[in-house]
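Asks: If you scroll down you'll find the structure; I have some questions about it.
The values are calculated or read from the model by the stated rules, or taken from the named source; none is laboratory data. Just so it is clear, the model here is predicted, and its values are computed rather than measured. Note that we place each Cβ from the backbone using ideal geometry, even for glycine, and neighbour counts take in every protein chain shown.
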Amino acid sequence: MTKNILIAGATGKTGRILTQQLIDQGQTVTALVRESSDTSQLPEATSLRQADLTNLQSDDCDGADVVVFAAGSGGTTGPDMTDKVDRDGAMRLIDLAKEAGVERFVMLSSIGADQSNPSGEMAHYLQAKHDADEHLKASGLTYAIIRPVALNDDGRSEKMVLGSEVDIAAQASRADVAQVLASAAITGQFDGKALNMQSSGEALSAVLS
């Protein structure tokens, strides 16, 4: 069944792959983009909806069956922008999705975001992701949260691992992450779950059985 899927972060590296995969699977995709976003690498079939995650409007999720949050403030921004995008923007989008009657919300999170009081260099970012994840869990929306390990630009692998067997020191290709996000958005097979994810390891079908 074709779904109307709204993606925040569609112009990012993972988001572009996800957008292409969803369109290839016959889904209708709308990219939530800022006015200044470079949309030249998005598939032609992508619809655009202008919005800013730091200032979302009440109708930004209207018409969506599924919302995917794959956005991020980026590694060159400071803590303030991390809070505005990765925490507050995500939480606001969750609230708007609920108000719009969205069927499912899929969150691209991060390994370590399950910690309520993270430490280390990534502590601020992980706290923001944690807060957004917890807000989604408490929202009443049908949700899936995917927490990949460190990302790389390798292509699709034959094998992936999701869940407690993930090696936190491993890596995940963006292509594999996009595939998991697409499956979560379309099939609902990860509904109600928050799963760590890596490339390589046992076959995906075996892990999910």
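Asks: Any chance the stretch 86-96 includes a residue that's of a type in the set (Gly, Ala, Ser) and surrounded by fewer than 21 Cβ atoms within 10 Å (Cβ to Cβ)?
Replies: The answer is no, given that none of the residues of the stretch 86-96 is of a type in the set (Gly, Ala, Ser) and surrounded by fewer than 21 Cβ atoms within 10 Å (Cβ to Cβ).
Asks: In the stretch 61-94, how many residues are charged (D, E, K, R), out of contact with any Phe, Trp or Tyr (no Cβ under 7 Å at 6 or more places or on another chain) and touching a residue at least 40 places away in the same chain (Cβ under 8 Å)?
Replies: Selection size over the stretch 61-94: 3.
Asks: Next question. Name every residue in the stretch 14-38 that is modelled with pLDDT of 95 or more, within 23 Å of Gln57 (Cα to Cα) and either of a type in the set (Ser, Thr, Tyr) or in a loop (DSSP other than H, G, I, E, B) (or both), in order of residue number.
Replies: The answer is Thr19, Thr28, Thr30.
Asks: Let me ask you something else. If Val102 meets every condition in (1) farther than 24 Å from Ser164 by Cβ; (2) aliphatic (A, V, I, L, M); (3) surrounded by fewer than 22 Cβ atoms within 10 Å (Cβ to Cβ); (4) modelled with pLDDT of 95 or more apart from one, which number is that one?
Replies: Single failed check for Val102: (3).
Asks: Please find, among Gly78, Gly72, Gly12, Gly26, the residue that is out of contact with any Gly (no Cβ under 6 Å at 6 or more places or on another chain), at positive phi and of a type outside the set (Asp, Glu).
Replies: None of the other options fit; the residue is Gly26.
Asks: Here's something else I'd like to know. Does Ser183 meet the test of being among the hydroxyl-bearing types (Ser, Thr, Tyr), at pLDDT 95 or above and touching a strand residue (DSSP E or B) at 6+ places or on another chain (Cβ under 7 Å)?
Replies: No: the conditions fail for Ser183.
Asks: In this structure, does Val180 turn out to be over 20 Å from Ile5 (Cβ atoms) and of a type in the set (Val, Ile, Thr)?
Replies: no
Asks: Restricting attention to the stretch 89-114, and to residues there that are more than 15 Å from the chain's Cα centre (by Cα) and assigned to a helix (DSSP H, G or I), which single residue is farthest from Thr14 (Cα to Cα)?
Replies: Glu99
Asks: Hey, another quick one. Considering only the stretch 179-189, state which residues are crowded, with 22+ Cβ neighbours inside 10 Å and in contact (Cβ under 8 Å) with a residue 60 or more places away in the chain.
Replies: Leu181, Ala182, Ala184, Ala185
Asks: Ok, one more. Please specify each residue of the stretch 65-82 satisfying the condition of being of a type outside the set (Phe, Trp, Tyr), touching a helix residue (DSSP H, G or I) at 6+ places or on another chain (Cβ under 7 Å) and more than 18 Å from Glu35 (Cβ to Cβ).
Replies: Residues satisfying the conditions are Val66, Val67, Val68, Ala70, Gly72, Pro79, Thr82.
Asks: If only one of Ala132, Ala169, Ala113 is crowded, with 16+ Cβ neighbours inside 10 Å, out of contact with any strand residue (DSSP E or B) (no Cβ under 6 Å at 6 or more places or on another chain) and among the small types (Gly, Ala, Ser), which one is it?
Replies: Sole residue among the options that is crowded, with 16+ Cβ neighbours inside 10 Å, out of contact with any strand residue (DSSP E or B) (no Cβ under 6 Å at 6 or more places or on another chain) and among the small types (Gly, Ala, Ser): Ala132.
Asks: With respect to Ala8, determine if the residue is within 19 Å of Met81 (Cα to Cα) and under 14 Å from the mean Cα position of the chain (by Cα).
Replies: It is true that Ala8 is within 19 Å of Met81 (Cα to Cα) and under 14 Å from the mean Cα position of the chain (by Cα).
Asks: Of all residues in the stretch 156-171, which are among the hydrophobic types (A, V, I, L, M, F, W, C) and touching an Asp or Glu at 6+ places or on another chain (Cβ under 9 Å)?
Replies: Those that are among the hydrophobic types (A, V, I, L, M, F, W, C) and touching an Asp or Glu at 6+ places or on another chain (Cβ under 9 Å): Met160, Val161.
Asks: Within the stretch 77-85, is there a residue that is hydroxyl-bearing (Ser, Thr, Tyr) and more than 14 Å from the chain's Cα centre (by Cα)?
Replies: Yes, because at least one residue in the stretch 77-85 is hydroxyl-bearing (Ser, Thr, Tyr) and more than 14 Å from the chain's Cα centre (by Cα).
Asks: Go through the stretch 155-166 and report how many residues are more than 19 Å from Asp24 (Cβ to Cβ) and either aromatic (Phe, Trp, Tyr) or surrounded by 14 or more Cβ atoms within 10 Å (Cβ to Cβ) (or both).
Replies: Total satisfying the criteria: 4.
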